[in-house]
Amino acid sequence: MVNVAILGFGTVGSGVAEVLEKNGAHIGQKVSTPVCLKYILDVRDFPDSPFADKVIHDFRIIEEDPTVDIVVETIGGATVALDFTRRALNAGKSVVSSNKELVAEHGYELIQLAAQKGVSYLFEASVGGGIPILRPLSQCLAANELTEVCGILNGTTNYILTRMIRGGLSFEAALKEAQEKGYAEQDPTADIEGHDACRKICILAAIAFGRHVYPRQVPTEGITGVTLADVAYAASCGRKIKLLGRAIREPDGRICAYVAPHLVDEESPLAGVEDVFNGIVVKGDAIGDVMFYGRGAGKLPTASAVVADVMDAARHIQSRKRMEWGPGGDDVTVSPDHLVFHWYVRAEGEPETVRSSLPHAELLTAPGAAEGEVAFLTPEMTRAQAEAAAKGLKVRSLFRVLE
Ligand code: HSE
């Protein structure tokens, strides 16, 4: 028998308990031993929950119980979750996590610790919710030299943008809906400012390119600056606005990663990724482009990935399951400032100003456009060049166009 303890009985933790309970017989058969939920650690009590009798408040009970084999960490954040993860690994227990913040900040250290202790540290659910992406990246695509990972990595912001594009909802109304559906983080700032996508691209970059990338090394821009006017101008040139996380392996081996809103061609596969869905495109020298698609957030999709890791850890109690990369460092990454794009610019100003400073710009028109406002696409250039070209204008939005 394999015993499991869940840390944190929020959206994901309660989903994990539900899946373990509902699919217990099938899970036990697949791993050739019963997988039993023994404890749920939370600061709260849940008297009305069918799992009420498993709820405890002291982590030491789990740490000191030699019959607990696998600890599922769904607390989130990188403080208490870090302490409990270190202690669980030190106590010789495998840890399964959905915590992207923890993996992005401390993944290298925790993987090393798990290796020293001969246990597993698995975190498939930390990226893409229910989409299998980390294992395919590290195993199925292992024969490739990977050059780029690019995707829609945050369900909440994709839901918000979809509702703005298709429903004409304001940003605030769409965010409220996403929160009600349980997609958003406890503090949705992490979603809308791009931090959540940033953590996920760090994890993807580490697995794809083999070195730890820290969130502080990834320039990050969220969607709080995206307006219905931007949505309309993007539609006028056959594009949709999407928040993308990108990690590119440069010819010198360094990693260039960033998160920002982009205008994406309506015909491209990423433009078809809507609502809470995530889509991740991986480029490899043998495979070409491959895309992963599915529900990127939500209770049961995320629990599906967590429980699959629990099953993997259960099968490998005696021989740990590997997911690893090398250390980070200042020499590992490079800023995206050298990359060239067509830029979408919306600004206070007149078309004549644009025509004289950027004769090759493509001016855009949209129904209901504001007086005294101009929008255009620049020729290909770096960000610094785009900013210099728009110098005579009061810029309101400046987004990359994905080719
Ligand atoms: N808040 C996250 C999202 C949850 O919206 O994608 C899944 O990581």
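Just so you know, all these numbers are worked out from the coordinates, no wet-lab data involved. These figures come from a predicted structure and were not determined experimentally. Note that we place each Cβ from the backbone using ideal geometry, even for glycine, and neighbour counts take in every protein chain shown.
Quick notes on this one:
- Gaussian network model of the chain, Cα within-10 Å springs - most flexible of I75, I317, I255: I317
- Ordering Q29, A229, V310 by the projection of their Cα atoms onto the charge dipole of the chain, which places +1 on the Cβ of Lys and Arg and -1 on the Cβ of Asp and Glu, puts Q29 at the extreme positive end.
- The chain: angle of helix 155-167 to the longest principal axis, Cα-based, in degrees nearest 10: 40
- Label-to-label distance, S335 versus D285, with points set 7 angstrom from Cα along the beta-carbon direction: 3.0 nm.
- Centre separation in Å (Cα based) which lies between segment 161-178 and segment 18-36: 39
- GNM top mover of V35, V16, V306 - the chain, alpha-carbon springs below 10 Å: V35
- For the chain, the residue among N90, W325, V213 whose Cα projects farthest onto the positive side of the dipole built from Cβ charges is N90.
- Length gained on full extension, E266 to E18: 85.5 nm, using 0.36 nm per residue less the C-alpha separation.
- The HN-Hα couplings worked out from phi for segment 5-21 by the Karplus form 6.51 cos²θ - 1.76 cosθ + 1.60 (θ = phi - 60°) are 10, 9, 9, x, 9, x, 4, 6, x, 5, x, 4, 4, 4, 5, 4, 6 Hz, whole numbers, x standing for Gly and Pro.
- Cα centroid of segment 184-248 to Cα centroid of segment 298-361, whole Å: 6
- Highest to lowest packing among 130-137, 296-303, scored as the average C-beta count within 10 Å: 296-303, 130-137
- The calculated 222 nm mean residue ellipticity attributable to helices in the chain amounts to -10000 deg cm²/dmol, summing -39500 (n - 2.57) over DSSP H runs of n ≥ 4 and dividing by all residues.
- The long axis of helix 80-90 is offset from the longest Cα principal axis of the chain by roughly 50 degrees.
- Projecting label points 7 angstrom from Cα along Cα→Cβ for D53 and E348 puts them 6.7 nm apart.
- Where labels lie 7 Å past Cα in the beta-carbon direction, separation of Q29 and M381 in nm: 6.4
- At R0 = 25 Å, FRET efficiency that the Cβ-Cβ distance of A143 and Q112 yields, to 0.05: 0.45
- Globularity index of segment 30-107 is 1.14 (Cα radius of gyration / 2.2 N^0.38 Å, N = number of residues).
- Net charge dipole size for segment 134-295 [Lys, Arg +1 and Asp, Glu -1 on Cβ; Debye, nearest 20]: 280
- Charges were assigned to the Cβ only: +1 to each Lys and Arg, -1 to each Asp and Glu. The resulting dipole of the chain about its Cα centre is roughly 760 debye.
- Most mobile of C237, C202, C256 in a GNM of the chain (Cα contacts under 10 Å): C237
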